[in-house]
Structures are given as structure tokens and as C-alpha cells.
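Any read-out appearing in this document is the output of simple, stated calculations on the displayed coordinates, not a laboratory observation. Since the model is a prediction, treat every value here as computed from it, not as a measurement. We place every Cβ from the backbone using ideal geometry, glycine too, and count neighbours over all the protein chains shown.
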Amino acid sequence: MTNIIKALCPPILFQVLRRLRHRRVSSSFAGNYPSWDQAKLDSSGYDAANILETIKNSALKVKRGEATFERDSVCFYHVEYRYPALSGLLYAALSSGSRLSVLDFGGSLASFYSQHAAILSSVQNLRWGVVEQAHFVVCGQENLNTRVLKFYNTPAEFALEGTPDVIFLSSVLQYMEKPYQLLEELLQLDAEFFLFDRTSFNDGDDRLSVQTVPPSIYPASYPAWFLSWSKFLDTMSSAGYEIIMEFPGTDPTEIGYYKGLLFKRRSTH
């Protein structure tokens with residue numbers, strides 16, 4: 001019966017159905033806002049209490065072994081790795097003599113670390129610090145802190161315990177009100193590597209939209225940038241960093257595109 005239906009229906013119908021099904025589980029982006037304040041008026045914000053509670057419940061399931069990992073609060077029950085970003089971290093570890101100190105800025109409740117802990121544990125001297133909003137930090141310190149994993153309120157607080165080898169931003173920079181100001185602050189920490197994952201870009205100027213999350217994940221919406229690709233590259237290059245790895249993102253969008261990048265500080269020799 002399925003084969004008969006496929007034979008009778010035009011291919012374009014299946015393309016439409018796939019897109020509609022995909023949209024139910026994917027975020028949508030809209031608008032070209034002139035200011036952050038105006039975008040906030042059309043969104044609920046990332047600091048909504050329901051978001052933390054949803055992510056916390058999923059993170060604790062992972063900790064108890066009831067799920068393999070969580071991403072954006074959604075639990076997964078099979079092994080799945082983000083190989084490009086993971087390879088960037090392992091490259092940094094090899095470059096540092098199997099030492100890896102990671103400042104995971106905006107890392108939620110350590111979702112990336114938890115997803116890849118089995119492989120990252122092979123690094124002999126691993127330190128993973130998540131810098132997050134205060135209520136995430138309190139939750140992480142109360143429920144998830146280990147010898148390797150810790151939560152911090154600011155990058156400066158992390159740096160008091162040592163300079164990071166890698167500053168890691170996974171789907172983070174575009175949600176900052178002033179992303180370039182944040183970059184300038186992080187660049188002051190003098191890390192050897194910067195790793196960006198799931199970061200949204202635009203070939204023109206910076207574009208500010210509002211992202212709406214599907215209710216199946218959690219009901220929320222928040223401002224989201226599509227950063228100017230050329231401006232972003234100029235910022236990193238001017239600070240003395242060069243791209244040594246670039247990989248495409250998989251997040252769907254109809255505005256710009258997603259990329260991942262590993263930057264290394266240029267040698268002065």
C-alpha cells in the first residue's frame with residue numbers, strides 16, 4: 001500500500017510533508033529588529049524559570065543513567081557525538097600535552113560535556129568549567145559538580161583557577177545582547193583556542209531576529225542574532241587568531257546559516 005501511495009503522489013508533496021514535519025520540531029526565526037529591546041518585547045526570554053526546570057529534569061535523568069545525554073532539554077537514549085566540535089577539543093588537548101582546560105561559556109547544565117564525557121575522559125588532565133546565568137550555576141553546583149566539572153558565574157571567576165586552553169561557545173554567541181563586546185572580554189583571557197559550534201551567521205550585516213522554540217521542547221522565544229560573517233572574522237583576526245578548522249552546522253534556518261569553527265592563536269615566531 002505504501003508503495004502504491006508513493007507511486008500516485010507527486011514528489012513535491014513528500015517534500016512539503018517533510019518540511020512541515022521538520023518545522024514542528026525545529027525553531028523558527030522571524031524579523032529584522034532595529035534593537036535588542038524591541039526584540040525582547042516580542043519574546044519571553046531565555047531566563048524564564050520553566051526553561052531551567054525542564055533542562056534540570058533532563059540533566060538529572062542523564063546523571064542517574066536514565067538517558068544517554070540531553071540537548072536543549074531533550075533527552076536522547078542512544079550514543080551520538082558531535083564529531084567536528086569533539087575533534088576540535090581533542091586537537092587542542094593533543095596540542096597541550098593531553099591537558100585540556102575548557103571554559104564552556106553558556107553551556108547550560110553541561111549538556112555538551114555530559115554527551116561526550118566517555119571520550120573526553122581519555123584526556124589525562126581535564127578541567128571543564130561552565131559559565132552560566134546565576135540560577136543555572138546554583139543548580140549545577142548543587143546537583144552536578146564533580147572533580148572535573150564545575151560551574152562559574154563569570155569567565156573571570158573561572159580564570160582565577162587557571163587560564164583556559166579552549167574557550168568553547170556552542171549555540172551561544174548569537175543569544176548575547178552584545179556579542180562582539182562578549183568576544184572582546186573573552187579574548188582578554190588569552191586562551192590558545194576558541195571553538196565555536198552551532199553559531200548563526202549572515203553574509204550581510206548583523207541581523208537581529210526572534211527565535212521561537214517548538215512547544216515540544218519548551219515554550220519560549222528569545223532574541224537571536226545572525227552575525228555578520230565578515231565582521232566576526234575581522235574581530236577574531238584582529239585579535240591574533242586564525243581558523244584551523246571549519247565545519248557546517250546542521251541547524252535549519254531560512255535566514256542565514258550555521259557554522260562551527262576552531263581558531264588558534266597565531267604564532268609570533
Q. Gain in length, H135 to K40, computed as 0.36 nm per residue apart minus the alpha-carbon separation, to one decimal in nm?
A. 32.2 nm
**Q.** P(r) of the stretch 191-232 over all Cα-Cα pairs, binned every 10 Å from zero, in whole percent
**A.** 25, 39, 28, 9
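Compute the signed sum of charges (Lys and Arg +1, Asp and Glu -1) over the other residues within less than 11 Å, Cβ to Cβ, of L233. Numbers along the way, then the final one.
Numbers: positive: K231, K259; negative: D234, E242, E246.
Residues close to L233 contribute a combined charge of -1.
Expressed as a fraction of 2.2 N^0.38 Å, the rule-of-thumb size for a compact globular protein of N residues, what is the C-alpha radius of gyration of the stretch 130-264? If you can, show how the numbers build up before the last one.
Values: Rg = 15.7 Å, N = 135, 2.2 N^0.38 = 14.2 Å.
Scaled against compact globular proteins, the figure is 1.11.
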Q. If each of N57 and C75 carries a label point 7 Å out from its Cα toward its Cβ, how far apart are those two points in nm?
A. 1.0
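Assuming R0 = 22 Å, can you tell me the calculated FRET efficiency for the pair Q188 and D234, based on Cβ-Cβ distance, to the nearest 0.05? Please list the in-between numbers first.
On the way: r = 18 Å, r/R0 = 0.80.
Rounded to the nearest 0.05, the efficiency is 0.80.
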Q: Report relative contact order for the stretch 152-269 in percent, whole number only (criteria: Cα-Cα under 8 Å, sequence separation at least 6).
A: 27
(Q) Under 5 Å between amide hydrogens, which residues at least 5 positions from G249 or on another chain qualify, with H placed 1.01 Å from N in the peptide plane? (A) Y258, K259, G260
Q) Going by average Cβ neighbours within 10 Å, how do the peptides 200-207, 120-127, 100-107 rank, with the highest at the top? A) 100-107, 200-207, 120-127
